[in-house]
Amino acid sequence: MKLFPSNTIAWYTAKMFTVRAAAFLLGLIVILESLDLLGESGKILAAAGNGEGELWTYVSLRIPQLIQLFLPFSVLLATLVTLATLNQNSEVVIFKAAGISAHQILAPLFAAAFVIAVGNFVFNERITTRATQTLKTWQDNGYRKGALEKKPIAESWVRGGDDLFRALTVSGVGPATLLRGVTIYDREDNKLVRVVMADTARPNGNGWNLTGARVFDVARGTLTPSPALYFATPVVPRQFTTTSINPAWIPLWDLWPQIGEQRAAGKPVDNLLVAAWHKISGPLSTMLMPLLGAVAAFGLARSGRLFVRAVIGMFLGFAFFVADNFMLAMGNFGTVPPLMAAWAPFLLFLLIGEAVLIRTEE
């Protein structure tokens, strides 16, 4: 009934698994980064003053993204190779003859995968987020040196109570927020009362100071110019300035408070919630790989079906990645709830893997 009946066997299988996972990850990164650098090197060197140092900078910023993306694939391939090797050498038969169950054979792999998942989560949130933001900013600047000038936010719609605000551009933050090309649809009980148009708007207390305003009264059908006008409304500056959040740039512990700010500002947050939950379920998917690839560990190697079993394990692993990406897309479109979009593939393939293992081996 012990989780690890033999510490020697547990260490032996976990070491095999971990070394192969690291080897596959290293190989994938070297190949993919080489191909990626060939495609981007021309753009990097085209910027004035760039040389070999900038190429290495690009490599250092791109590698964390590749690790985040391909670590689960590496774990899947390591699982298949490790278990197929144990099976082919009849070591699985020896383990089972010693009274070790299928789950106990896989337990060291689960433990190693959990450690990898935790390390992957910390690495993603501490390093990959910063590297992703830095690389994207550098790319938007044409790989040139120097800070990228922040562009004003283009056309933004905001709702406060019954009122609707439309601004062509938004710049600044907090009290320094400046709206240009403002149109306010003043409504009462969902009925349009007047339309206020202004050249600029700045926050002031519980409202906004408008300059170059024109007020159209819907009931009277008259247009009245007003060089300066104060418009009281619950709309606050953060409703305009919290329109752009990239979850790939923000650690999970900073993302949750920002999601709360977005929600308080009346912004849709479903796509942000999907990304936040997937920051947890994504790294944990490495723990599924030993279970999905377990089919390659059992069955007699001399039966000639070892290759077929390995293919089935690979199919289950890649089916999970397809389902995971599909549910993420559905969650971003708002078709399914965020929690379901992030966790449904994980739970589904956990049950599938357990069902296959129990049905065939336990």
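Read-outs: derived from the displayed coordinates by stated rules, not from any lab. Because the structure is a prediction, the values reported are computed rather than measured. Neighbour counts are summed over all protein chains in view; Cβ atoms, including those assigned to glycine, are modelled from backbone coordinates with ideal geometry.
Here is the P(r) of segment 201-356: all C-alpha pair distances, binned every 10 Å from 0, give 10, 24, 20, 16, 13, 8, 6, 3, 1, 0 in whole percents.
To the nearest 10 degrees, how steep is helix 338-361 against the longest Cα principal axis of the chain, on a 0 to 90 scale? The angle comes out at about 10 degrees.
Residues 164, 76, arranged from fewest to most other Cβ atoms within 10 angstrom of their Cβ, appear as 164, 76.
Per residue, the convex hull spanned by the Cα atoms of segment 162-233 measures out at 77 cubic angstrom.
Whole-Hz Karplus values for segment 94-102 come out as 5, 4, 5, 5, 7, x, 8, 7, 4 Hz, taken residue by residue from phi with 6.51 cos²θ - 1.76 cosθ + 1.60 and θ = phi - 60°; glycine and proline positions read x.
Across the chain, the relative contact order, built from alpha-carbon pairs under 8 Å that are at least six residues apart, equals 16 percent.
Mean projected area of the convex hull spanned by the Cα atoms of segment 68-124, taken over all viewing directions: 4.0 nm². Semi-axes of the equivalent ellipsoid for the chain, computed as √(5λ) from the eigenvalues of its C-alpha gyration tensor and ordered from largest down, come to 55, 26, 15 Å.
Which value, in Å to one decimal place, does the Kirkwood hydrodynamic radius take for segment 1-110 when every pair of different Cα atoms is included? Could the numbers behind the result be given before it?
Numbers: mean 1/r = 0.0607 Å⁻¹.
The Cα-based Kirkwood calculation yields 16.5 Å.
Here the residues 245, 184, ranked from fewest to most Cβ neighbours within 10 Å of their Cβ, fall in the order 245, 184. Taking the C-alpha atoms only, the angle from helix 52-88 to the longest principal axis of the chain is near 40 degrees. Shown for the chain: lysine pairs separated by 8 or more places, or found on different chains, whose C-alpha atoms are under 17 Å apart, numbering 6. Normalising the average separation of contacting C-alpha pairs (under 8 angstrom, six or more residues apart) by the number of residues puts the relative contact order of segment 1-122 at 46 percent. Based on Cα contacts under 8 Å between residues 6+ apart, segment 162-233 shows a relative contact order of 23 percent. Once the Cα atoms are used to define both axes, helix 306-333 deviates from the longest principal axis of the chain by about 10 degrees.
Extent along the principal axes, Cα only, for segment 94-193: 83, 49, 22 Å, with the longest axis given first.
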